[in-house]
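S.K.: One structure coming up, written as structure tokens, with questions to follow.
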Amino acid sequence: MSDLRRRVDRAHLQRHHRYDFHMFVCVRRGKCRAVVDFSHIECGAGSLLTIRPGQVHRFGPGSRWDANLLLFRPELLQTSQGEERLQMPELVDALPAHLCLDRSTRRFVADTLARMEYECALDARQPLLNWLLQSELATLVTRLHIFHAEQQRSVGTSSDVPERFRLFKRLLDAKVHQWHHVSRYAHAMGCSEKTLTRICSAVAGVGAKAFIASRLALEAKRLLVHTEMPISAIAQRLGFDEATNFTKFFRSIEGCTPGDFRRQFDVVS
């Protein structure tokens, strides 16, 4: 993080960013407040943030903290070992936005990141280097997943998520711009609307209709803050036939108009 501060100005770091790749942020020292999809996360030494493709994030103010950053594209998670394919995307998806690492896991992560940085500079054929880094990443993700599962067991909860709910979330990420109704997702999943609502309520604590609305509102907020698209264009992008219908929907979820929300972040449209 300190290297990044030397290369870019403070104003750039304080903007909201949205990438098409994954990012791990492992805080080494100090304290900061990060913002991921408009949720504030208090971080200290040993904090690990998992930022996913498409999420909007902003680093906290101040320079009295430092962190190691690891950026990687989703396709790097597509790996296999022997005949058994490792489900790396699912393991990353299961990680929470914020983990507080214990001493041994923190040391493991720091050592792995240092090793990967060293290996990036090796004089080797690119396919071999890619395979080496892919293997290191798979090991890191697996270790983090195991640590998270141990944490969940220690407090008497489970990190297991039904496969149907994971499928629902994947469909929602892909189709939220087009499908606004529970029936479309239920049909694609081969189940009834009642079944999908029951699954969603059990995992997320809200019904499928509310979950879809929340995800649609999140996508709207991302576009309002990270782009300068006119509100009418955002409405069209999100599948609304009229900007007025989009404004009505957004106000019902967020309690303000899209324009008012955007002005909170000094975005000019």
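The values are calculated or read from the model by the stated rules, or taken from the named source; none is laboratory data. Please read all numbers here as calculations on a predicted model, not as lab measurements. Positions of Cβ are backbone-derived with ideal geometry, glycine not excepted, and every protein chain shown enters the neighbour counts.
S.K.: In the set 136, 150, 193, which member is assigned by TED's automatic domain parsing to the domain that holds residue 98, among the charged types (D, E, K, R) and farther than 19 Å from residue 97 by Cα?
M.R.: Result of the check over 136, 150, 193: 136.
S.K.: Is it the case that residue 33 is under 30 Å from residue 217 (Cα atoms), out of contact with any Lys or Arg (no Cβ under 7 Å at 6 or more places or on another chain) and modelled with pLDDT under 90?
M.R.: When the stated conditions are applied, residue 33 passes them.
S.K.: May I ask you to list the residues in segment 247-262 that are part of a helix (DSSP H, G or I), under 18 Å from residue 225 (Cβ atoms) and out of contact with any Pro (no Cβ under 7 Å at 6 or more places or on another chain)?
M.R.: Residues satisfying the conditions are 249, 251, 253, 254, 258, 259, 260, 261, 262.
S.K.: Filter segment 200-246 for residues that are at pLDDT below 95 and touching a Lys or Arg at 6+ places or on another chain (Cβ under 6 Å) and give the result.
M.R.: Answer for segment 200-246, where residues must be at pLDDT below 95 and touching a Lys or Arg at 6+ places or on another chain (Cβ under 6 Å): just 226.
S.K.: Considering only segment 221-253, state which residues are surrounded by fewer than 17 Cβ atoms within 10 Å (Cβ to Cβ) and either charged (D, E, K, R) or in contact with a Cys (Cβ under 8 Å, 6 or more places away or on another chain) (or both).
M.R.: Those that are surrounded by fewer than 17 Cβ atoms within 10 Å (Cβ to Cβ) and either charged (D, E, K, R) or in contact with a Cys (Cβ under 8 Å, 6 or more places away or on another chain) (or both): 228, 237, 241, 242, 248, 251.
S.K.: Taking the condition at pLDDT below 95, farther than 30 Å from residue 111 by Cβ, surrounded by 14 or more Cβ atoms within 10 Å (Cβ to Cβ) and among the basic types (Lys, Arg), does residue 184 pass?
M.R.: Taking the combined requirement at face value, the residue does not satisfy it.
S.K.: Here are 16, 12, 22: which of them is in contact with a helix residue (DSSP H, G or I) (Cβ under 9 Å, 6 or more places away or on another chain) and farther than 29 Å from residue 102 by Cβ?
M.R.: The conditions single out 16.
S.K.: Check residue 67 against each of (1) surrounded by fewer than 16 Cβ atoms within 10 Å (Cβ to Cβ); (2) out of contact with any His (no Cβ under 8 Å at 6 or more places or on another chain); (3) modelled with pLDDT under 95; (4) farther than 30 Å from residue 261 by Cα and name the one condition it does not meet.
M.R.: It fails just one condition, (1).
S.K.: Of the residues 174, 235, 213, which single one is outside the structural domain of residue 19 (by TED's automatic domain parsing), under 24 Å from residue 92 (Cα atoms) and within 24 Å of the chain's Cα centre (by Cα)?
M.R.: 174
S.K.: How about segment 5-45: which of its residues are under 25 Å from residue 89 (Cα atoms) and of a type in the set (Gly, Ala, Ser)?
M.R.: Answer for segment 5-45, where residues must be under 25 Å from residue 89 (Cα atoms) and of a type in the set (Gly, Ala, Ser): 34, 39.
S.K.: Could you give every pair whose Cβ atoms fall below 8 Å, whose first residue belongs to segment 171-197 and is over 17 Å from residue 236 (Cα atoms), and whose second residue is exposed (fewer than 15 other Cβ atoms within 10 Å of the Cβ) and of a type in the set (Ser, Thr, Tyr), counting only separations of at least 6 or pairs across chains?
M.R.: What qualifies is 186/192; 186/195; 193/183.
S.K.: Write out, first by first residue and then by second, each pair whose Cβ atoms fall under 8 Å of each other, whose residues are 6+ apart or on separate chains, and whose first residue, in segment 224-240, is over 13 Å from residue 178 (Cα atoms) while the second is among the small types (Gly, Ala, Ser) and surrounded by fewer than 16 Cβ atoms within 10 Å (Cβ to Cβ).
M.R.: Taking only residues 6 or more apart or on different chains, the pairs are 228/269; 229/269; 230/269; 231/259; 231/269.
S.K.: Quick check on this structure: which one of 104, 39 is loosely packed, with under 12 Cβ neighbours inside 10 Å, closer than 21 Å to residue 215 by Cα and hydroxyl-bearing (Ser, Thr, Tyr)?
M.R.: Among 104, 39, only 39 is loosely packed, with under 12 Cβ neighbours inside 10 Å, closer than 21 Å to residue 215 by Cα and hydroxyl-bearing (Ser, Thr, Tyr).
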